[in-house]
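Heads up: the structure comes next, in C-alpha cells.
The values are calculated or read from the model by the stated rules, or taken from the named source; none is laboratory data. All of these numbers come straight from a predicted model, not from anything done at the bench. In this analysis, Cβ positions are derived from the backbone assuming ideal geometry, glycine residues included, and neighbour counts consider all displayed protein chains.
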Amino acid sequence: MQVHRHEHHTSAPGPTSVATMSPAEAYDTAFESAQPDEGRTVVRVELEAREFDWEFVPGTRTRAWGFGGQVPGPTIEAQVGDVLEIRLTNHLPEPTVVHWHGLRIPAVMDGTERVQRPVDPGESYIYRFRVPDAGTFWYHSHFNETVQLERGLYGALIVRAPDEPVFDAERTFVLDDVELEKDGQIRPPGGWIESHDGREGTTRLVNGRQEPEIRMAAGQVERWRIVNAASARYVRLSVGGRPFRIIGTGGGLIPSPVTVTEVLLPAAGRTEIAVGPFAEGETLRIETLPFNRGSFKAHKKAELFATLRVGAAAPSRTQLPDRLREIEPLVTGPVPSNRTVRLGFGLGLKHGVEFNINHEQHHHADPVRVGELQVWEVVNRSPVHHPFHLHGFFFQVLEVNGKAPDHLSWEDTVNVPPFGSVRIAWMADDRPGGWMYHCHILEHHAAGMMAHFEVIR
C-alpha cells in the first residue's frame, strides 16, 4: 500500500512563495503548519473507502460504496481549534478523493482533482488541517461523483464550539435518495432526462435507511443537524407542519433563532433546527413538501423521509438563548458587483444537456486577491434551480432576486432560482491556491457547470 504524505520531514519548509511551490511542497507546508490551538488536540481518523452490502431497504441487500463499511460514513467530530488528521485508504475499484465540504482549510487539503492526484485503489492519503469554525459540515467523494456519491461515499462532520446552546438531545440526519433496480441494486447513471434534472431516487433515506422511525420524549427540545446529501433533490422540510426554530445554516449558528414551519434545503444544503416540545403519543411526518425546481419530474405531493413518534414525557434542560452569535455584515450599503457568474446550458453530444458557467464548460475564471472584498452576482440563465457552492470560503447572501434575506448568515451553498439572480459577498483570507465553484446538482457539475480560480497574494 502506498501512502501519500511525504513522510520524512527533517525541518519545516522555508519561506518559499506559495505561487512558486511544487504541489508536494505546498502539501508539506500545509501539513506541518496545521497545529491545534492551545488546549486543543489532534483528532486522528482512519477512513476506509470500500464496497460492501448495505440494506437501504429492510431485507434487500444492495451493493454500496462507503466509508468505514456504512452509509453514511462515520460522523467525524471535533472542537474548534482541533486538528483533524484523516488517513483515507482506498479499497474501491477506481480512484477517489475526499472533499471537506464547507470547511475553511488550505487549498491543498480541499480534496478535489484541482489540488491533488486522485488516490488510486490500494493507496492511502493523509489530510491534515485545523478546523476554525463550529458548524454542521460534511465530507464526500469529489471524483466520479454521479456514481460515487449515489453509492454512498459521504458522511457528516460536526465541529463544536465551547459555548454551544444546551439541548435535551442532539441528532444528525443525513438525507439522501437512491434509485434501485428491481433486483435491489443501484441503477447506473444515464439518460437525457437525468442529465437535465439530475438523479432523484424514489427510495428516500435518513442516515442510509429507508423512511425510518424516530422516537423522542414528550416535553423535550432537540437539536437536529440536517445535511442534504442527495444528488439533485431539493428538500422542503416539514416536521408534521409544526413550528420549529432555525438556529444554524451552512456556516454555523445564525444571530437569533428564526421560527418557521418549513425550510428549503437545496442539494448540499444544511440546517440546524430546534425541534419540540411535543405531546406524548403524537406521531408526526418528517417529510419534503411539494417543490417545483424546474425538472421534468414534478413533485405534486409530500414525500415521507421518516416518522417521529413521541413517547413518555421527560424533564427538559434546554437553554436556547435569544442571541446565538454576532455576525458583522460585509456590506452595509450599495456596492457594485465585481464579478458576474452566469449559469447557463445548451445541447451537446457528450451529455445531451450540457451546462456551463460564463458560456464555458469547466470555466477558467479570473483570480481573486487575498483581502479584497468580493461581491458576486450569480445569474441563472436556465429554467431550473441551481445550488451554487463555493469551495473553501463562507459568503453572505445580500439579495435573492433583488430582495434581502430575512436574516444574516454565513453560507457556502445558496439556491439560485430559474432566470433569477443572487448577490453574495465574501472575503478571501490568506489561503492562496486553486479553488472552485459549481452547481451542486452532481449531473450539472459533471456536465460542465463549474469553474476554477486562483486565490493570490
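Among the criteria (1) within 30 Å of residue 383 (Cα to Cα); (2) surrounded by 23 or more Cβ atoms within 10 Å (Cβ to Cβ); (3) not aromatic (Phe, Trp, Tyr), the one residue 275 does not fulfil is (1). Within the range 362-392, the residues that satisfy the criterion of being of a type outside the set (Asp, Glu), assigned to a loop (DSSP other than H, G, I, E, B) and surrounded by fewer than 20 Cβ atoms within 10 Å (Cβ to Cβ) are 362, 365, 367, 370, 371, 381, 383. Exactly one residue among 128, 61, 104 is over 18 Å from residue 267 (Cα atoms) and in contact with a helix residue (DSSP H, G or I) (Cβ under 7 Å, 6 or more places away or on another chain), and that residue is 128. Selection over the range 324-361 of residues that are surrounded by fewer than 13 Cβ atoms within 10 Å (Cβ to Cβ) and in a loop (DSSP other than H, G, I, E, B) gives a count of 10. Could you go through the range 381-400 and let me know if any residue there is outside the structural domain of residue 108 (by TED's automatic domain parsing), in contact with a helix residue (DSSP H, G or I) (Cβ under 7 Å, 6 or more places away or on another chain) and closer than 27 Å to residue 111 by Cα. Taking every residue of the range 381-400 in turn, at least one turns out to be outside the structural domain of residue 108 (by TED's automatic domain parsing), in contact with a helix residue (DSSP H, G or I) (Cβ under 7 Å, 6 or more places away or on another chain) and closer than 27 Å to residue 111 by Cα. The one condition from (1) over 30 Å from residue 165 (Cα atoms); (2) assigned to a strand (DSSP E or B); (3) of a type outside the set (Asp, Glu) that residue 217 does not meet is (1).
On the given criteria, is residue 288 touching a His at 6+ places or on another chain (Cβ under 9 Å) and within 23 Å of residue 229 (Cα to Cα)?
Judged against the criteria, residue 288 is a match.
The single condition from (1) surrounded by fewer than 21 Cβ atoms within 10 Å (Cβ to Cβ); (2) under 26 Å from residue 217 (Cα atoms); (3) of a type in the set (A, V, I, L, M, F, W, C) that residue 305 fails is (1). Need pairs with beta-carbon distance below 6 Å; first residue crowded, with 17+ Cβ neighbours inside 10 Å and within the range 179-198, second assigned to a helix (DSSP H, G or I); sequence gap 6+ or separate chains. Final answer for the pair search is 189/146; 195/443; 198/443. Regarding residue 274, is this residue assigned to a loop (DSSP other than H, G, I, E, B) and under 21 Å from the mean Cα position of the chain (by Cα)? Spelling it out, it is not the case that residue 274 is assigned to a loop (DSSP other than H, G, I, E, B) and under 21 Å from the mean Cα position of the chain (by Cα).
The set of residues in the range 216-254 that are in contact with a Gly (Cβ under 6 Å, 6 or more places away or on another chain), among the polar types (S, T, N, Q) and surrounded by fewer than 23 Cβ atoms within 10 Å (Cβ to Cβ) contains only 220. A single entry from 371, 311 fulfils the requirement of being small (Gly, Ala, Ser), at pLDDT 95 or above and either closer than 30 Å to residue 203 by Cα or within 23 Å of the chain's Cα centre (by Cα) (or both): 311.
At least 1 residues being among the acidic types (Asp, Glu) and touching a Lys or Arg at 6+ places or on another chain (Cβ under 8 Å) is the threshold, and among the strands (runs of 3 or more DSSP E) wholly inside the range 94-192 those reaching it are 169-178.
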